[in-house]
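The next block holds one structure in the form of structure tokens; read it before the comments.
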Amino acid sequence: MTAIVEVNGLERVFGANRAVDGMTFHVQPGEVFGLLGPNGAGKTTTVRLLNGILPPSGGSARVFGLDPASDGQRVRQQTGVLTETPALYERLSAYENLAFFATLTGIPEAALNGRVLEMLAFFGLEDRAKDKVETYSKGMKQRLALARALIHKPPLLFLDEPTSGLDPEAAQHVNALIADLSHQNGQTILLATHNLLEAQRLCDRVAVMNKGRILAMGSLKELSRKLWPVTWVDITFWQVPAENATGSLKTLRGVKQVTGQSVAWQVQVEGEEVIPQVVQHLAAQGASILKVNPRDYTLEDIYFALQAGEK
Ligand SMILES: Nc1ncnc2c1ncn2[C@@H]1O[C@H](COP(=O)(O)OP(=O)(O)O)[C@@H](O)[C@H]1O
Ligand SMILES: [Mg+2]
């Protein structure tokens, strides 16, 4: 499979400020790839470099095999970008905004009306399509901005902080639409955000950034494994288990540590594949198991562990 985005050692400096400082990552077709990092990490600069809005200071970027620095227009024909502060015409209606941007992107006259109506329906804006954008809520404006970014059906979508400034309900609505785009249409998305919960829900893989550099990259599972190579399992019993049941656990292959007391025990195993054997062993010893919970790490755990390593 050929990557849609290929970034190798990409750099962008502003004076002495190394905003993007040697980034390397690839985005595959159909993937939702997250760029995560605090303010000033270089997320927006990366998005701008990949769309040919800014030239790089070093390294290389390819989008659909094209160099955005020299072929920006052709790249932008195939990308949609939701910028941090989306530019919409407040005095025009949603329909007029979309019709205008549809014309700009070269959608033929005959297809224009159908395309605009399709986008209004997908983003739940049909009812208010004729009202001026200045009368819209923030959430509606953001949905319209998303529709604008997608009006020419770009195979690659960039979303820069798509829910910043939205209330939880509006943010949830926008996120559900982003998830639909990915699941229903297989839309390839590069999502820049500092919202970790959102990234965990939406992204297949993330790159955790700081000061223009990638600290770590991978799926949630891969990153957890890298940072915490062992798995802890919390086991709760219905009744206090016999001493030999928990005591003999240590002799099982793949079990590294056993601690706990009364009905709450913690078992450290080499990997999740050991857990069924632990359960079988305990059951065979007559222990009454109530709950077995492998400890999951969140993207937040990963993010803070990585950022702490930077300080
Ligand atoms: N046009 C610019 N001129 C000067 N400095 C800039 C410019 N754009 C971004 N920067 C600087 O580059 C760094 C990365 O910014 P940015 O890419 O906006 O980060 P993020 O989107 O992750 O918050 C910041 O230190 C920012 O001040
Ligand atoms: Mg930004």
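The values are calculated or read from the model by the stated rules, or taken from the named source; none is laboratory data. In this text the structure is predicted, and so the values were computed from the model without any measurement. All Cβ positions, even for glycine, are placed from backbone atoms using ideal geometry, and neighbour counts span all protein chains on display.
For the subset of segment 1-36 comprising residues that are surrounded by fewer than 21 Cβ atoms within 10 Å (Cβ to Cβ) and of a type in the set (V, I, T), which member is farthest from L49 (Cα to Cα)?
T2
So that you can scan it fast, the table gives a plain yes or no per residue for (1) modelled with pLDDT of 95 or more; (2) within 29 Å of L196 (Cβ to Cβ); (3) surrounded by fewer than 13 Cβ atoms within 10 Å (Cβ to Cβ); (4) within 28 Å of the chain's Cα centre (by Cα):
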{"site": "S248", "(1), (2), (3), (4)": "no, no, no, no"}
{"site": "V255", "(1), (2), (3), (4)": "yes, no, no, no"}
{"site": "Q266", "(1), (2), (3), (4)": "yes, yes, no, no"}
{"site": "E273", "(1), (2), (3), (4)": "no, yes, yes, yes"}
{"site": "Q277", "(1), (2), (3), (4)": "yes, no, no, no"}
{"site": "Q285", "(1), (2), (3), (4)": "no, no, no, no"}
{"site": "L299", "(1), (2), (3), (4)": "no, yes, no, yes"}
{"site": "L306", "(1), (2), (3), (4)": "no, yes, no, yes"}
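Mind counting the residues in segment 148-175 that are in a loop (DSSP other than H, G, I, E, B) and within 16 Å of ligand 1 (Cβ to nearest atom)? Walk me through it before giving the result.
Residues of segment 148-175 in a loop (DSSP other than H, G, I, E, B): 151-155, 161-167.
After this cut, where a residue has to be within 16 Å of ligand 1 (Cβ to nearest atom) as well, the list is 161-165.
Residues meeting the conditions: 5.
Could you give every pair whose Cβ atoms fall below 6 Å, whose first residue belongs to segment 227-251 and is under 14 Å from A264 (Cβ atoms), and whose second residue is part of a strand (DSSP E or B) and among the aromatic types (F, W, Y), counting only separations of at least 6 or pairs across chains?
I235/W265; T246/W265
From the list L117, L104, exactly one residue is assigned by TED's automatic domain parsing to the domain that holds T45, away from ligand 2 (no atom under 16 Å from the Cβ) and farther than 30 Å from V7 by Cα. Which is it?
Working: L104 fails: farther than 30 Å from V7 by Cα.
One residue alone meets the criteria, L117.
Return a yes/no flag: does segment 58-78 have any residue that is within 13 Å of ligand 1 (Cβ to nearest atom), of a type in the set (K, R) and either surrounded by fewer than 21 Cβ atoms within 10 Å (Cβ to Cβ) or under 29 Å from G106 (Cα atoms) (or both). Reasoning before the result, please.
Step one: of segment 58-78, the residues within 13 Å of ligand 1 (Cβ to nearest atom) are none.
No.
Here is a list: A264, A242, A284, A308. Which entry is closer than 30 Å to A41 by Cα and not acidic (D, E)?
A308
For V292, only one of the following conditions fails: (1) assigned to a strand (DSSP E or B); (2) surrounded by 19 or more Cβ atoms within 10 Å (Cβ to Cβ); (3) among the hydrophobic types (A, V, I, L, M, F, W, C). What is its number?
If we test V292 against (1) assigned to a strand (DSSP E or B); (2) surrounded by 19 or more Cβ atoms within 10 Å (Cβ to Cβ); (3) among the hydrophobic types (A, V, I, L, M, F, W, C), just (2) comes out false.
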